[in-house]
Amino acid sequence: LRCLGSKDIGIRHAAARSLANMSSKDSSNIVLLGCFGQLKQIFDQSKKDWNRIDGVLLAIEELGISLCEEETREKLSLYLLEIASQRAPPTCRSTALSILLSSSTFEPEKIRNLCLEIVERDNMESVIGGSQLYKTASDGLSRMSQNNLWEATDEDALETSLMELRRLFTSNLVDVRLHSIKSFKKTIYDDLDRLHLKMSKDGSIAAEIVINGLSNMLLECIAVELDRDENDNLGAHVPTLRRLTRCFLETASSMTVNGSREEQELLWSVSYRMVERDFRISLSEEITKSGAIIHADTEPDGGNALSANAVEMMAVAISWRESSDNNNTDADRMENLLWVVGRLNNPHASWRSRYSAALALESCCGLPWMKRRVPDERHQSIQLEMISHILKMLQDSDPDVRGVAARAATKHCLGLQHPDEEFSLPEWTLERTFPLAFSTESADTDQGTVSSLINGLVEIILECCGDLLSAMKHVQAEFKPTGCFPRSTTSPLDKGATTMLVNANTTRKIFEDEDPNPFQEKLLLAQLASRSLLDLCTSCEAAQSSHHSLTLMQHVSDLCESALTLLLEEDLTAGGFVHDLSRFPSIFPPLHGILCATSVLTMRSLAKAEDETAAILQETLERIQRSAEQLLSNRESARYLHPEIVHALQVIRHGQTVDMAKEDVNGVFFLLNESMVT
C-alpha cells in the first residue's frame, strides 16, 4: 500500500497489479473501500499528493469498480468525475476516465461530454501524460460512436454517429486521430460480419445505408489526411492513414452496390496520391508514347503497407467503373495499377505487399472491360502484362499469395468466377492456365496480337535465364585453379601450383545469400514459355513478322551462343569439369531453359525473311547448330554433359531438317507431362 504513493510510476503500476492479484473475491470489496477511504483523506488535505492519488486510482482500475457496493460505487464515481474534469495531472485524469468508461452504471452522457471536452483541447500535447489522456478520451468516444453507428435505427442517428467519428478521424491532434481509428479498426471486422448476418436474415435496407455512409465518410477522412502534406507542417500521419485505408477496404468489400461517380473519382484520386507519396514520383510524367509507365531511376523495393493498401483501392476504383465510354481512362488506370503491382511484387518485400498486389489483380480479372475482345494493341498489352504478373505469383513463396493468384488465373483464363477446390491449387493452375493465356485461340490469329504474345513469352524466358552467363563465369573462376582436371601445358599455373590452390580466387561468400523465393521454379516457367512459343510459331504465319519479336529472339540466340562458346573453351571441356558445370544448381535451370527456347527457334527457317534482323538471327542459329554439333562430336563433352543438356543439343543440331518434328522439340520439355505438350 505504501508503494502506491511512490514517485516512480513503474512502481505504482506494479503495486496496483500486485494488490489486485493478492485480493480474493471476498476481500476485493474491503480493499476497494480502503482505497476509497484513502482517496477521501487525500482530497480533504490542502496540498494533494498526486502520486498517491494516481497509485490509488491504478489499484481501483485493477480491482474493478463493479465489485463495490452500489452506494460506495456512486460516491466513488463522483470523486472520479471530479478528478477527470479538474486541472489534475493528465495521468490521474486518464486513469479516472478509464475507470468511468469501464463502468456501466455511470451516466454515459456525462462521460461523453467529458471526453469531448478533452479531445477538443489542444494545450496538453507537450504535457507529460497528455498523450495518454488523449488516448483514453478518443478511445472511449470512438467506442461509444461505434455502438451508436451499428445500432442506428434511422438516418438521423446514423448521420450523427458518422459526424462524431469524422470529427475524431480528422482532428488536428495526432493522438486523437491515431487512437480513435485504432479503436475503430479493432472491431470493424466483427461489426461488419454481424451487419452481414443482419442483411442476410431480413435484407435490411438500413444495413446497406450504414455501409455506404461509412465508406463515404472514411474516404473523405483519407482525403483530409492526405491534404495535411500540403497544409500541415507535420504532414500526413502514416499510421493513421494506413488504418483509415484498411477500414475503407474492409467496408468497400461489404458493399453490394458501387459508389457514385463522385466517390469513384475521389477514390482514384486519393489512391493515386498515396502511390505518388510512397514512391516519390509523378506517374503522369513517366508515360511513354505507347502508354506504358516507365521509371528507370529506381528499382522495385516492394513498397510498404500504405502502398499495398493503395493498390487495392486503385483496383476498387477501377472495378466500380462498370461501364464507361472513355476506354482511354480505363486503360490509363490499368497501366498505373500494373506499374504499382510490378513494384510490389518483389520477393524481398513483405508478403503483405505481394498479397495486396494479388488481390488487386483478382479484382480486375472479372471486369467486363477486361473480358471484351477488341483488336486493340494497348488493350492486349495490358491483358498480357496482367496475366504475366499472375503467373509469377503462382510461384510465390507465400501460400496466401499463391491462393489468390490461383483464383485470379482461373477467373481470367478459365472464366470460373467461383472455382472448385481442385481448380484453386496453384500448381495445377499454373500448368493449365499458362498455355491458355498464350494460346492461338486467345490471340485470334491477329498479327499484332500474336506478336505481342511472342514478345511476352520471350521476355519470360529472358527473365528466367538472364543470369546464365554470369553464373557460368562465376563457377569457371571458382573451379579453374583447383587442379581437379587436366590442364594444357600452356597454362600459366604449373602442376604444383594448381594442387596447392583450392578456390583461391573464388568470389563466393562464406554464407550465401538466402533465396528470397525458394518456391519458384524458373526452369518450369522457361519450359512452359518455350512450349507456348512453339505452338505460336508453328500455328501462325504472322509469328515472325514483328521486328521487336525478332530482336527479342536475337537476344535469346546470343545468350545461347555465348553459353555454348564457354562450354567449347579448351580449358572447360577437359576432364570432368563439364560434368560439374552442366549440373551446378545455378547453371542447369537457365542453361536448359535457354536451350529449350533455342530449339524452338530452330524449327522454322528465316532465310526468306525480308527483315535484316531475321537474317542476322538465322546466321546466329546456324552458328549455334555448329557449336552443338561440335559439343556432341567431342566424346568427353558428350560423356560428361547432363543427359537433358545432351538431348536439347541433339534437337538443336537437327533443327530445320526434314526429320525434325514438333514432337521432337516437345520431348525437350521434361518437366511437362504428356497431356501438356500435346
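Heavy-atom accessible area, probed at 1.4 angstrom with all protein chains present, ranks Lys48, Lys411, Lys110, Lys186 as Lys186, Lys110, Lys48, Lys411, highest first. Sorted on the mean count of surrounding Cβ atoms within 10 Å across their residues, most packed first, peptides 257-265, 469-477, 646-654, 624-632 read 646-654, 624-632, 469-477, 257-265.
Note on Ala206 and His547: the extension gain reaches 116.8 nm, defined as 0.36 nm multiplied by sequence separation minus the Cα-Cα distance. Only protein atoms count toward the accessible area here, which uses a 1.4 Å probe; on the range 1-133, the carbon and sulfur part of that area reaches 49 percent. Pairs from the list Lys135/Lys185; Lys40/Lys75; Lys40/Lys110; Lys135/Lys182; Lys40/Lys135; Lys110/Lys182 with a Cα-Cα gap above 18 Å: Lys40/Lys110; Lys40/Lys135; Lys110/Lys182.
Ordered from largest to smallest accessible area (heavy atoms of protein chains, 1.4 Å probe), the residues Cys537, Cys413 come out as Cys413, Cys537.
Annotation: per residue accessible area for the range 232-279 equals 41 Å², rounded to a whole number [probe 1.4 Å, protein chains only].
Convex hull volume per residue, computed on the Cα atoms of the range 163-268, equals 96 Å³. Taking packing as the residue-averaged number of other Cβ atoms within 10 angstrom, the listed peptides 125-134, 377-386 run from highest to lowest as 377-386, 125-134.
For the range 339-360 and the range 1-40, what is the separation of their Cα centres, given in Å? Each part reduced to its Cα centre gives a spacing of 51 Å. The simple Förster model, with R0 at 25 Å and r as the Cβ-Cβ distance, assigns Ser18 and Glu74 a FRET efficiency of 0.35. Share of carbon and sulfur in the accessible area of the range 202-282 stands at 45%, probe radius 1.4 Å.
For the range 111-179, the spread of Cα positions along the three principal axes, ordered from largest to smallest, is 42, 20, 17 Å. Rg and Dmax, both from the Cα atoms of the range 1-141 and both in Å, are 14.4, 44.
In terms of the mean number of neighbouring beta-carbon atoms within 10 Å, the peptides 587-600, 515-528 order highest first as 587-600, 515-528.
The values are calculated or read from the model by the stated rules, or taken from the named source; none is laboratory data. Please read all numbers here as calculations on a predicted model, not as lab measurements. Note that each Cβ is placed from the backbone with ideal geometry, even for glycine, and that neighbours are counted across all protein chains shown. Ligands, DNA and RNA are excluded from the accessible area calculation, which covers all protein heavy atoms including side chains. Shrake-Rupley method; radii C 1.70, N 1.55, O 1.52, S 1.80 Å.
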